[in-house]
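Right, one structure below, let's go through it.
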Amino acid sequence: MTPFSFVRADSLSHAIQEGRNPNTRFIAGGTNLVDLMKQNVDRPSRLIDISALDLGAIAERDGGGISLGAMASNADTAYHPLIKERYPLLASAILAGASPQLRNAATNGGNLNQRTRCYYFYDTATPCNKREPGSGCSAIGGVNRIHAILGASNDCIATHPSDMCVALSALDAVVHVTGPDGDRSIPLIDYHRLPGNEPWRDNVLEDGELVTSIDLPAETFPTNYSYLKLRDRLSYAFALVSVAVALQVDASTIQHARVALGGVAHKPWRDLDIEHSLIGKPADDATYRAFADSLLSQAVGQGANDFKIDLARAAIVRALRQAAAGTPQSQSNKRII
Amino acid sequence: MDKTVNPPTSNDLQIALTINGQGHTLVVEPWVTLLDLLRDNIGLTGTKKGCDHGQCGACTVLVNGKRINSCLALAVTKDGAEITTIEGFASGGKLHALQTAFVHHDAFQCGYCTPGQICSAQGLLDEGHAKTRDDVRELMSGNLCRCGAYTNITDAVMQVMLDGSP
Ligand SMILES: Cc1cc2nc3c(=O)[nH]c(=O)nc-3n(C[C@H](O)[C@H](O)[C@H](O)COP(=O)(O)OP(=O)(O)OC[C@H]3O[C@@H](n4cnc5c(N)ncnc54)[C@H](O)[C@@H]3O)c2cc1C
Ligand code: SF4
Ligand code: FES
Ligand code: FES
């Protein structure tokens with residue numbers, strides 16, 4: 001690790017004041033940042049510990065919906081009675097990720113801002129445009145089994161690794177941030193970005209801005225949902241492909257549908273137009289297959305990850321079936337029904 | 001009993017920790033992980049370093065009652081915390097129920113992962129979310145065992161979970 005100085009923020013304004021200094025990072029649970037610093041992938045000169053800030057609440061919002069504090073742990077969020085009851089899709093996605101120990105330490109703000117798991121991003125001996133702008137992308141033409149099949153650019157084909165964010169995307173969550181220039185609210189679907197020609201920018205957060213909370217809208221999907229995560233082992237592994245589905249189904253007709261994909265792009269992948277086409281369709285395999293085909297019509301493999309296109313197609317159909325039947329994927333026994 | 005180690009230098013910070021019931025005032029560099037602090041500064045080498053990257057669970061300890069990976073926690077972020085390591089499990093020369101169950105079920109071979117497994121199992125029991133064997137397998141999945149003692153580890157945890165004692 002490259003030496004750095006450390007300060008514990010005792011108020012939001014203190015944190016923002018400290019965040020004005022160059023090359024500082026906020027540290028929350030530390031489960032991603034400390035790892036990146038050990039590898040010298042990230043070398044901040046000063047850390048601002050935000051764990052003492054009053055940002056840990058999970059509370060009902062006026063007019064419905066729930067506010068998730070940025071410093072609430074992933075575990076406390078997933079097991080919160082209101083989340084289990086109203087947003088089981090979110091609880092399920094969080095519990096599909098990482099390990100119990102990591103979820104205890106990891107925070108909601110940190111989860112949103114975690115960096116890619118691209119092997120080259122972690123390996124400072126290799127070129128990587130995200131880590132070292134302009135140096136090139138080693139994953140294109142390299143080892144790219146875990147890389148993107150949608151929305152990639154010629155500069156970067158990395159994926160966003162979060163499970164939680166895939167569910168937040170499907171639930172139309174809104175991210176609240178504060179910073180030197182004041183407060184902003186950003187729909188989660190616009191929070192993460194595609195790599196384009198600025199792959200070092202994972203999301204739209206500006207330097208010195210801090211995530212304070214994440215709002216879940218009043219609309220819940222308590223019955224017809226599923227989070228299906230496919231990976232190289234049954235637990236404690238990042239998604240190769242994941243699918244978050246939230247449906248409203250009436251007499252076998254789809255009334256409302258949300259589908260987000262994880263592990264396939266630089267951000268949780270949603271297409272609102274294609275989703276819209278599901279409304280009024282029968283909840284059956286023909287509908288699901290046609291939907292999966294449209295959602296993946298622009299998908300391109302990079303060689304080692306070509307298999308992800310078929311895997312995603314099958315996973316989308318399965319997850320839609322699970323959601324429509326009200327039999328969501330279990331994150332305990334992992335049998336896919 | 002307070003133990004103060006290392007004189008302060010510019011970047012160093014003073015923290016207070018209660019480790020296995022004993023108070024410590026320590027001056028640490030901000031880049032020292034809780035794992036390295038426990039092993040190198042305090043001399044509690046029961047907690048193991050497997051991967052140092054959050055990928056194996058060997059370094060699991062309880063911080064304010066919650067299991068976490070001590071290799072990814074900077075010690076300076078834990079000021080004021082109560083830490084329990086494997087050295088804090090047995091009391092008065094008597095093994096803890098989980099330790100007895102691990103012995104009884106032969107839940108290890110080399111034993112390198114065992115301190116982390118036991119701390120993690122205690123976290124699992126306190127959290128109270130595991131109801132079935134599948135749940136125990138899943139909620140112990142943050143602890144790898146290179147010797148592959150998983151079946152016996154699950155048996156040991158199940159027994160303590162169901163009986164309260166081995
Ligand atoms: C072995 C391993 C396996 C994992 N598996 C999975 C998995 O399967 N699925 C999954 O989703 N995740 C997985 N994770 C990632 C884990 O979920 C993240 O590391 C965690 O969510 C990050 O949260 P944190 O609070 O520890 O963030 P930190 O490490 O503290 O911070 C991460 C980044 O976010 C920034 N940040 C933190 N809080 C804020 C804030 N409030 N405002 C602005 N910026 C902020 C920090 O500056 C830093 O850049 C895994 C991690 C490990 C180590
Ligand atoms: S895919 Fe992105 S993160 Fe990976 S090597 Fe290429 S530029 Fe770097
Ligand atoms: S040493 Fe901490 S998880 Fe492996
Ligand atoms: S007993 Fe050897 S690693 Fe688990």
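When Lys and Arg each count +1 and Asp and Glu each count -1, what net charge do the other residues less than 14 Å away from A:Pro217, Cβ to Cβ, add up to? Don't skip to the end; give the middle numbers.
Details: positive: A:Arg61, A:Arg86, A:Arg258; negative: A:Glu60, A:Asp62, A:Asp172, A:Asp215, A:Glu219.
Spelling it out: positives minus negatives among the neighbours equals -2.
Please report the carbon-and-sulfur percent of the accessible area for segment B:3-88; probe 1.4 Å, protein heavy atoms only, DNA, RNA and ligands left out. Could you put the intermediate results ahead of the total?
Working: 1400 of 3210 Å².
Of all accessible area on segment B:3-88, carbon and sulfur atoms account for 44 percent.
Find, to one decimal place in angstroms, the Kirkwood hydrodynamic radius of chain A, where the mean of 1/r is taken over every pair of different Cα atoms and then inverted.
Details: mean 1/r = 0.0493 Å⁻¹.
One decimal place: 20.3 Å for the Kirkwood radius.
With unit charges on the beta carbon (Lys/Arg positive, Asp/Glu negative), name the residue among B:Cys110, A:Cys128, A:Leu90 whose Cα is farthest towards the positive pole of the charge dipole of the protein assembly as shown.
B:Cys110
Springs between alpha-carbon pairs under 10 angstrom, Gaussian network model over chain A: which of A:Asp215, A:Asp49, A:Asp273 fluctuates most?
Greatest mean-square fluctuation among the candidates belongs to A:Asp273.
How many percent of the accessible area of segment B:124-166 is carbon or sulfur, using a 1.4 Å probe? Provide the component values of the computation, followed by the final result.
On the way: 1010 of 2130 Å².
Of all accessible area on segment B:124-166, carbon and sulfur atoms account for 47 percent.
Tell me the relative contact order for segment B:97-163 as a rounded percent, counting alpha carbon contacts under 8 Å between residues six or more apart. Don't jump to the answer; show the numbers that get you there.
Values: 63 pairs, mean separation 35.0, N = 67.
It rounds to 52 percent for segment B:97-163.
Which residues of segment B:124-139 end up with at least 30 Å² less accessible area in the presence of all protein chains than when their chain stands alone, using a 1.4 Å probe?
Buried by the other chains: B:His129, B:Asp134, B:Glu138, B:Leu139.
Enter the mean projected area of the convex hull around the alpha-carbon atoms of segment A:225-325, in nm², rounded to one decimal. Don't skip to the end; give the middle numbers.
Values: hull surface 24.9 nm².
Averaging across all directions leaves 6.2 nm² for the Cα convex hull.
Out of residues 5 or more away from A:Ile58 or on other chains, whose amide H comes under 5 Å of its own, with H placed 1.01 Å from N in the peptide plane?
A:Gly69
Quick one: accessible surface of A:Tyr236, probe radius 1.4 Å, all protein chains present, in square angstrom to the nearest 10.
My reading of the accessible area for A:Tyr236 is about 20 Å².
Using the heavy atoms of the protein chains alone and a 1.4 angstrom probe, what is the accessible area of segment A:225-325 per residue in square angstrom? Don't jump to the answer; show the numbers that get you there.
Working: 4000 Å² over 101 residues.
That works out to 40 Å² for each residue.
If you line up the Cα atoms of chain B on their principal axes, what length do they span on each, largest first, in Å?
51, 33, 29
Compute the accessible area of each residue in segment A:301-337 twice, once for its chain alone and once with every protein chain present, using a 1.4 Å probe on heavy atoms, and list those whose area falls by at least 30 Å².
Output list: A:Ser332.
Normalise the Debye intensity by I(0) for segment B:97-163, one equal point scatterer per Cα, no solvent, then take log10 at q = 0.17 Å⁻¹ and round to two decimals.
-0.48
Ignoring trypsin sites (Lys or Arg not before Pro) that are buried or in helix or strand per DSSP, and keeping those with at most 12 other beta carbon atoms within 10 Å, what is the longest stretch of chain A between them? Don't skip to the answer; put the middle values down first.
Working: sites that count: A:Arg20, A:Arg233, A:Arg335.
My reading of the result: A:21-232 is the longest stretch.
Do you know the Lys pair count in segment A:186-337 for C-alpha distances under 22 Å, with sequence separation 8 or more or different chains? Provide the component values of the computation, followed by the final result.
Numbers: A:Lys229/A:Lys267; A:Lys229/A:Lys308; A:Lys229/A:Lys334; A:Lys267/A:Lys308; A:Lys308/A:Lys334.
Lysine pair count for segment A:186-337: 5.
Build a GNM of chain A with springs between Cα atoms under 10 Å: which of A:Gly136, A:Gly56, A:Gly151 gets the top mean-square fluctuation?
A:Gly136
Would you work out the charge dipole size for chain B about its Cα centre, treating the Cβ of every Lys and Arg as +1 and the Cβ of every Asp and Glu as -1, and quote it to the nearest 20 debye? Please report the intermediate quantities before stating the final value.
Working: 12 positive and 17 negative charges, 44 e Å.
For this selection, approximately 220 debye.
Between chains B and A, what is the buried accessible area summed over both chains (1.4 Å probe, protein heavy atoms, nearest 100 Å²)?
Values: alone 8520 and 14320 Å², together 20090 Å².
Rounded to the nearest hundred, the buried surface is 2700 Å².
Using the charge dipole of segment A:21-82 (Lys, Arg: +1 at Cβ; Asp, Glu: -1 at Cβ; taken about the Cα centre), state which of A:Ile48, A:Ala75, A:Gly29 has its Cα farthest towards the positive end.
With unit charges placed on the Cβ atoms, the residue in question is A:Ile48.
With springs only between Cα atoms under 10 Å apart, run a GNM on chain A and tell me which of A:Ala257, A:Ala286, A:Ala170 wobbles the most.
Comparing A:Ala257, A:Ala286, A:Ala170 in the GNM, the peak value goes to A:Ala286.
Let me know the charge dipole size of the protein assembly as shown about its Cα centre in debye, to the nearest 20, where only the beta-carbon of Lys, Arg (+1) and Asp, Glu (-1) is charged.
Values: 44 positive and 52 negative charges, 240 e Å.
Using Cβ point charges on Lys, Arg, Asp and Glu, the protein assembly as shown gives about 1160 debye.
Per residue of segment A:188-193, what does 6.51 cos²θ - 1.76 cosθ + 1.60 with θ = phi - 60° give for ³J(HN,Hα)? Whole Hz please, x for Gly and Pro, Karplus curve as stated.
Each residue's phi maps through the Karplus curve to give 4, 5, 9, 6, 7, 10 Hz.
Take a quick pass over chain B and tell me how many lysine pairs come in under 29 angstrom between Cα atoms, counting only ones 8 or more apart or on separate chains.
Summing the qualifying lysine pairs gives 16.
Can you classify segment A:15-149 as rounded, prolate or oblate using the Cα gyration tensor, where a ≥ b ≥ c are the square roots of its eigenvalues, rounded means a/c under 1.5, and otherwise it's prolate if a/b beats b/c and oblate if not?
Working: a/c = 2.50, a/b = 1.49, b/c = 1.68.
Oblate, because a/c is 1.5 or more while a/b does not exceed b/c.
Determine the order of A:Asp123, A:Asp207 by accessible area, beginning with the largest, at a probe radius of 1.4 Å. Before the final figure, lay out each step's value.
Working: A:Asp123 65, A:Asp207 145 Å².
Largest to smallest exposure gives the sequence A:Asp207, A:Asp123.
Summarise the accessible area of segment A:225-325 (1.4 Å probe, protein heavy atoms) by the percent that is carbon and sulfur.
Answer for segment A:225-325 is 51 percent, counting heavy atoms of protein chains only.
Return one whole number: the accessible area per residue of segment A:114-163 in Å², for a 1.4 Å probe. List each step's numbers first, then the result.
Values: 1880 Å² over 50 residues.
For segment A:114-163, the solvent-accessible area averages 38 Å² per residue.
If contacts are Cα pairs under 8 angstrom and at least 6 residues apart, what is the relative contact order of chain A in percent?
Working: 767 pairs, mean separation 57.4, N = 337.
That works out to 17 percent.
Where both residues lie in segment A:1-132, what percent of DSSP beta bridges are antiparallel, nearest 5? Write down the numbers at each step before the final one.
Values: 4 of 12 bridges.
Here the share of antiparallel DSSP bridges comes out near 35 percent.
Per residue in segment B:50-94, which ones lose no less than 40 Å² of accessible surface when going from chain alone to all protein chains (1.4 Å probe)?
When all protein chains are present, B:His53, B:Lys66, B:Arg67, B:Asn69, B:Leu72, B:Leu74, B:Thr77 each give up 40 Å² or more of accessible surface.
To the nearest 20 debye, what is the magnitude of the charge dipole of segment A:233-311 about its Cα centre, counting +1 on the Cβ of each Lys and Arg and -1 on the Cβ of each Asp and Glu?
Numbers: 7 positive and 9 negative charges, 65 e Å.
Taking the Cα centre of segment A:233-311 as origin, the dipole is about 320 debye.
Let me have the relative contact order for segment A:225-325, percent, based on Cα pairs under 8 Å that are six or more residues apart. It would help to have the intermediate numbers written out before the result.
Details: 165 pairs, mean separation 28.9, N = 101.
Rounded, it is 29 percent for segment A:225-325.
Under a straight-distance cross-link criterion of Cα-Cα below 14 Å, which aspartates and glutamates are reachable from A:Lys38, leaving out those fewer than 8 residues away in the same chain?
A:Asp123, B:Asp36, B:Asp52
With all protein chains present and a 1.4 Å probe, how do B:Met161, A:Met37, A:Met1 order by accessible area, largest first?
Working: B:Met161 45, A:Met37 5, A:Met1 70 Å².
Accessible-area ranking of B:Met161, A:Met37, A:Met1, largest first: A:Met1, B:Met161, A:Met37.
Using Cα atoms only, what is the angle between the long axis of helix B:150-163 and the major principal axis of chain B, expressed in degrees (0 to 90) to the nearest 10?
The helix B:150-163 is inclined about 90 degrees to chain B.
Could you give me the percent of Cα pairs per 5 Å distance bin for segment A:180-290, shortest bin first, beginning at zero and ending with the bin that holds the maximum distance?
That works out to 2, 9, 14, 19, 17, 16, 12, 6, 3, 1, 0, in percent per bin.
Please give the calculated 222 nm ellipticity per residue for chain A, where each DSSP H segment of at least 4 residues contributes -39500 (n - 2.57) and the sum is spread over every residue; nearest 500 deg cm²/dmol?
Details: 13 runs with 94 residues, N = 337.
Roughly -7000 deg cm²/dmol at 222 nm, from the helical runs in chain A.
The values are calculated or read from the model by the stated rules, or taken from the named source; none is laboratory data. Owing to the predicted nature of the structure, the values given are computational and were not obtained by experimental measurement. When we count neighbours, we look across all protein chains shown, and the Cβ atoms used for this are built from the backbone with ideal geometry, even at glycine. Calculation scope for accessible area: heavy atoms of the full protein, side chains included, ligands and nucleic acids excluded. Shrake-Rupley method; radii C 1.70, N 1.55, O 1.52, S 1.80 Å.
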